[in-house]
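The values are calculated or read from the model by the stated rules, or taken from the named source; none is laboratory data. Computed from a predicted model, the values in this text were never measured in an experiment. Cβ coordinates were reconstructed from backbone atoms using ideal geometry, including for glycine residues, and neighbour counts include every protein chain displayed.
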Amino acid sequence: MINYLRGFIVLLSLVLGSAVAQEKNIVVTSGSDRAIPIAVVPFGWQGGSVLPEDMAEIIGNDMRNSGIFQPIPKQNMISMPTKASEVIFRDWKALGAQYLVVGDIQPSGGRLQVQFAVFNVTTEQQVMTGSVGGTPDQLRDMAHYVADQSFEKLTGIKGAFSTRLLYVTAERMGANNTRYTLQRSDYDGARAVTLLQSREPILSPRYSPDSRRIAYVSFEQKRPRIFIQHIDTGRREQVTNFEGLNGAPAFSPDGNRLAFVLSKDGNPEVYVMDLNSRQLQRLTNHYAIDTEPFWGADGQTIYFTSDRAGKPQIYKQRLGSNNAERVTFVGNYNANPKLSADEKTLVMIHRQEGYTNFKVAAQDLQRGNLRLLSDTSLDESPTVAPNGTMLIYATRQQGRGVLMLVSINGRVRLPLPTAQGEVREPSWSPYLN
């Protein structure tokens, strides 16, 4: 089965890479302007025992990962006050901080209560205060909450640090035995838990809009089939059982429909299923390969990859329409489309004319400019944070499949800590309810 899967992927790649696409101007950038310096002071704690997590470090990492802020190094803040009432703005200005986050953790009947405040150092004003409570095991959740609140107050953009990540691992257990697992973690790779384990490949996990269900492709029946699994209970239901390819599931914005790819009529096409009635609607009808559907926010438009122009490019088409509109023109390969929350930016896997490397790129849908966001090669499966400030993709590093986080402005690039084995197929959750 693994050889069949690899063979299908190779065949698909050969078919999709067969001609030359139209070329326009390309703008390549890695991000150059300076991030905003912010100081996140180690939170005060008088409980005696050592806490299992460093909240300030987690908050600082969150703010850095957005690409908008640059935390002041921890060693530069030794002996600085941790209480809001003790802030001396002159000292923080000397360190170059523009914003300041301070906090205090107090024990409260077996739980912890966190008070925090955010200051504008330049204007010497307090811009917000807040509090959050939880158990010691929830310190990471509380830290992400503080980062979300602070980020939104300072930028006007809703924070996405409390979201979750899905990904697949493949670990060889012997010569002819590979263990595949579907993992769920914090957005930054921490606290991974296994949702599904199989000896057959797992592909294309995708969250529902309420983050309570996931759709994915499983080869457990020796051929690809789409399943939906309820995260809280683990209950699974098989959605498709058609001949040929069943792949690339994607929930509609209302969660009531599922787009996917079927080859039951001889050619890979995009279909949409009503999950209540199980009624099937065919979207595309072309002799080319149409795959990787992604919904627009209106619930009526679907972006997808097609080689109908000779090589893979991204198109969009409305439900009930027979007209597919080409969206990408830069480069000879553009695939796996993902939209930012405001639908102004299209993220994709891109290859420039004359090159062999596949990289993550972002296209401004209003201006047409395209920026390379990754400095690796053989990149695949980009997934975008619900607020559009960050993305995660799969790539290879030192011969191993890993996940990389990149800020959408290109300032931050870092590998995520994940389980052993090959790591692939990341999927970012919507905001958690």
Just to be sure, is residue 248 in a strand (DSSP E or B) and either within 25 Å of the chain's Cα centre (by Cα) or free of Cβ contacts under 8 Å to residues at least 40 places away in the same chain (or both)? yes
Could you list all residues from region 62-89 that are surrounded by fewer than 20 Cβ atoms within 10 Å (Cβ to Cβ) and among the polar types (S, T, N, Q)? 70, 75, 76, 79, 82, 85
Across region 151-172, the tally of residues that are of a type in the set (Lys, Arg) and part of a strand (DSSP E or B) stands at 2
Exactly one of 396, 411 is touching a residue at least 12 places away in the same chain (Cβ under 8 Å) and either more than 28 Å from residue 296 (Cα to Cα) or crowded, with 23+ Cβ neighbours inside 10 Å (or both), and that residue is 396
From 147, 190, 94, residue being closer than 28 Å to residue 45 by Cα and out of contact with any helix residue (DSSP H, G or I) (no Cβ under 7 Å at 6 or more places or on another chain): 94
Scanning region 171-198 for residues that are touching an Asp or Glu at 6+ places or on another chain (Cβ under 8 Å) and surrounded by fewer than 16 Cβ atoms within 10 Å (Cβ to Cβ), the one farthest from residue 232 (Cα to Cα) turns out to be 171
Taking the condition surrounded by fewer than 17 Cβ atoms within 10 Å (Cβ to Cβ) and among the hydrophobic types (A, V, I, L, M, F, W, C), does residue 102 pass? no
Just a yes or no: is a residue in region 43-60 surrounded by 15 or more Cβ atoms within 10 Å (Cβ to Cβ), of a type outside the set (Val, Ile, Thr), assigned to a strand (DSSP E or B) and at pLDDT 95 or above? no
Selection count where residues are under 16 Å from the mean Cα position of the chain (by Cα) and surrounded by fewer than 22 Cβ atoms within 10 Å (Cβ to Cβ), scope region 355-380: 1
Step by step: first the residues of region 414-423, then only those that are part of a strand (DSSP E or B) and touching a residue at least 24 places away in the same chain (Cβ under 8 Å), then the one that is nearest to residue 182 (Cα to Cα). Which residue is that? 423
Residues in region 173-193 that are under 21 Å from residue 432 (Cβ atoms), assigned to a strand (DSSP E or B) and not hydrophobic (A, V, I, L, M, F, W, C) total 4
Anything in region 87-98 that is small (Gly, Ala, Ser) and either under 21 Å from residue 136 (Cβ atoms) or in a loop (DSSP other than H, G, I, E, B) (or both)? List them, or say none. 96, 97
Quick one: in region 355-369, which of the residues that are in contact (Cβ under 8 Å) with a residue 40 or more places away in the chain and in contact with a Phe, Trp or Tyr (Cβ under 9 Å, 6 or more places away or on another chain) is farthest from residue 408 (Cα to Cα)? 368
Scan region 255-279 for residues that are at pLDDT below 95 and surrounded by fewer than 13 Cβ atoms within 10 Å (Cβ to Cβ) and jot them down. 266
Those residues of region 209-238 which are surrounded by fewer than 17 Cβ atoms within 10 Å (Cβ to Cβ) and hydrophobic (A, V, I, L, M, F, W, C), in sequence order: none
Hey, any hits in region 144-167 for a residue that's modelled with pLDDT under 95 and among the polar types (S, T, N, Q)? no
Checked against (1) buried (at least 21 other Cβ atoms within 10 Å of the Cβ); (2) touching a strand residue (DSSP E or B) at 6+ places or on another chain (Cβ under 6 Å), residue 389 satisfies every condition except (2)
Criterion violated by residue 128 - all others in (1) in contact (Cβ under 8 Å) with a residue 12 or more places away in the chain; (2) closer than 16 Å to residue 44 by Cα satisfied: (2)
Considering region 390-413 alone, what residues qualify as being in a loop (DSSP other than H, G, I, E, B) and either of a type in the set (Val, Ile, Thr) or on the phi > 0 side of the Ramachandran plot (or both)? 398, 399, 408, 410, 412
Strands (runs of 3 or more DSSP E) contained in region 303-389 and holding at least 3 residues in the same structural domain as residue 411 (by TED's automatic domain parsing) and touching a Leu at 6+ places or on another chain (Cβ under 8 Å): 333-339, 345-351, 359-364, 380-384
For region 289-307: of the residues being of a type in the set (A, V, I, L, M, F, W, C) and either buried (at least 20 other Cβ atoms within 10 Å of the Cβ) or in contact with a helix residue (DSSP H, G or I) (Cβ under 7 Å, 6 or more places away or on another chain) (or both), which is farthest from residue 387 (Cα to Cα)? 289
Answer residue from region 308-323, given it is without any contact (Cβ under 8 Å) to a residue 40 or more places away in the chain and among the small types (Gly, Ala, Ser) and is surrounded by the fewest Cβ atoms within 10 Å (Cβ to Cβ) among those: 320
Subset of region 194-241, residues acidic (Asp, Glu), part of a loop (DSSP other than H, G, I, E, B) and over 21 Å from residue 178 (Cβ atoms), comes to 210, 232
